[in-house]
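Asks: Quick one: the structure is below, and I'll ask about it shortly.
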Amino acid sequence: MSKLLIIEDEEAIAELEKDYLELSGFDVEIETSGNRGLERAMKEDFDLFILDLMLPETDGFEICKRIRKNKNTPILMVSAKKDDIDKIRGLGLGADDYITKPFSPSELVARVKAHLARYERLIGSTVIENEIIEIRGLKIDKTARRVYINGEEKQFTTKEFDLLTFLAQNPNHVYTKEELFNKIWDMESVGDIATVTVHIKKIREKIEFNTAKPQYIETIWGVGYRFKV
Ligand code: CA
């Protein structure tokens, strides 16, 4: 499922866009602040960005420029002013499309679909080797962020994926729950080390044949966890 990020400070508009895009089968997330939106755009893997131009803190111009420096992910710029759209076109910031508010939800969905299809063709035409970690029956495709156990794909949340990947990349190393929480969850995250325990449990349910005798993530009592190789 394609994952989209809407960066839009007008929540009612963002929610409306989200509703329509979800009905069309997309996985949609919203950030209402420019800073937080940019941070997630850089850190996480999205398939497309819908970016409002006028935003508090970091505006859409800056976000577009910063994303483009690092990623080729399609960007749809949204603005209430036609003049602004003309201006950004002129700047050549690298956005893939521009939409003037108000627009119909069906128009937005059509454009999102078109850009995703175009981008997939683009990626498909170049040979990119995915970065893969394979340990016994467990296969982690870091590039596609997908996890397979004995050939069967399992669904992972972002944090479950990050935690499993971190441990698998650092085998035979014991990490405390505090260390894992600090590595995987950012400073603004709500939660504590109990969050780590809950995530480990969920990961085990997905990858372990017998969760009582884990063959991948071992519990080192009184200390933390270790990925077994
Ligand atoms: Ca705005």
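Asks: Just give me the residues in the range 147-167 being within 16 Å of residue 131 (Cα to Cα) and over 12 Å from the mean Cα position of the chain (by Cα), in sequence order.
Replies: Within the range 147-167, the subset within 16 Å of residue 131 (Cα to Cα) is 147-148, 161-162, 164-167.
Correct list: 147, 148, 164, 165, 166, 167.
Asks: Still on this structure, I have one more. Which residues, counting only those in the range 207-229, are in a loop (DSSP other than H, G, I, E, B) and of a type outside the set (A, V, I, L, M, F, W, C)?
Replies: Matches in the range 207-229: 208, 210, 211, 213, 214, 215, 216, 222, 228.
Asks: Quick one: in the range 41-64, which of the residues that are surrounded by fewer than 16 Cβ atoms within 10 Å (Cβ to Cβ) and not in a loop (DSSP other than H, G, I, E, B) is farthest from the chain's Cα centre (by Cα)?
Replies: Of everything passing the filter in the range 41-64, 62 is farthest from the chain's Cα centre (by Cα).
Asks: Would you say residue 223 is surrounded by fewer than 18 Cβ atoms within 10 Å (Cβ to Cβ) and not assigned by TED's automatic domain parsing to the domain that holds residue 27? Reasoning before the result, please.
Replies: On the way: surrounded by fewer than 18 Cβ atoms within 10 Å (Cβ to Cβ): yes; not assigned by TED's automatic domain parsing to the domain that holds residue 27: yes.
Yes; evaluated as a whole, the condition is true for this residue.
Asks: Further question on the same structure: Conditions: (1) touching a Pro at 6+ places or on another chain (Cβ under 8 Å); (2) closer than 30 Å to residue 99 by Cα. Residue 135 meets all but one. Number of the miss?
Replies: Every listed condition holds for residue 135 apart from (2).
Asks: Conditions first: (1) within 12 Å of the ligand (Cβ to nearest atom); (2) within 16 Å of the chain's Cα centre (by Cα). Residue 10 passes all but one, so which condition is the exception?
Replies: For residue 10, the exception is condition (2).
Asks: Determine, yes or no, whether residue 5 is more than 16 Å from the ligand (Cβ to nearest atom), touching a residue at least 40 places away in the same chain (Cβ under 8 Å), open to solvent by less than 60 Å² (accessible area, probe 1.4 Å) and under 18 Å from residue 99 (Cα atoms).
Replies: Values: more than 16 Å from the ligand (Cβ to nearest atom): no; touching a residue at least 40 places away in the same chain (Cβ under 8 Å): yes; open to solvent by less than 60 Å² (accessible area, probe 1.4 Å): yes; under 18 Å from residue 99 (Cα atoms): yes.
Here the answer is no, as residue 5 does not meet what is asked.
Each row is one residue, and each column tells you yes or no for (1) surrounded by 12 or more Cβ atoms within 10 Å (Cβ to Cβ); (2) within 15 Å of the ligand (Cβ to nearest atom); (3) at pLDDT 90 or above.
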{"site": "81", "(1), (2), (3)": "yes, yes, no"}
{"site": "87", "(1), (2), (3)": "yes, no, no"}
{"site": "101", "(1), (2), (3)": "yes, yes, no"}
{"site": "131", "(1), (2), (3)": "no, no, no"}
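Asks: When both residues are 6+ apart or on different chains and their Cβ atoms are under 6 Å apart, which pairs have a first residue that lies in the range 139-161 and is assigned to a strand (DSSP E or B), and a second that is aromatic (Phe, Trp, Tyr) and buried (at least 16 other Cβ atoms within 10 Å of the Cβ)?
Replies: Every condition considered, the pairs that remain are 139/148; 147/156.
Asks: Let me ask something else about it. Quick check, is residue 65 within 15 Å of the ligand (Cβ to nearest atom) and of a type in the set (Lys, Arg)?
Replies: Values: within 15 Å of the ligand (Cβ to nearest atom): no; of a type in the set (Lys, Arg): yes.
In short, no.
Asks: Going by the conditions given, is residue 55 within 16 Å of the ligand (Cβ to nearest atom), modelled with pLDDT of 95 or more and not β-branched (Val, Ile, Thr)? Write out each step before concluding.
Replies: Details: within 16 Å of the ligand (Cβ to nearest atom): yes; modelled with pLDDT of 95 or more: no; not β-branched (Val, Ile, Thr): yes.
The answer is no for residue 55.
Asks: Same structure, new question: Taking residue 12 and the conditions (1) aliphatic (A, V, I, L, M); (2) closer than 18 Å to residue 115 by Cβ; (3) open to solvent by 10 Å² or more (accessible area, probe 1.4 Å), which numbered condition does it fall short on, given that it satisfies the others?
Replies: Failed condition: (2).
Asks: Residues of the range 17-34 being more than 14 Å from the ligand (Cβ to nearest atom) and either surrounded by fewer than 15 Cβ atoms within 10 Å (Cβ to Cβ) or not charged (D, E, K, R) (or both), which ones?
Replies: Passing the criteria: 19, 20, 21, 22, 23, 24, 25, 26, 27, 28.
The values are calculated or read from the model by the stated rules, or taken from the named source; none is laboratory data. Here the structure is a predicted model, which is why all the values come from computation and not from measurement. Reconstructed Cβ throughout: ideal geometry from the backbone, glycine too, with neighbour counts over all protein chains shown. These area figures cover heavy atoms from the full protein model, side chains too; ligands, DNA and RNA do not enter into them. Shrake-Rupley method; radii C 1.70, N 1.55, O 1.52, S 1.80 Å.
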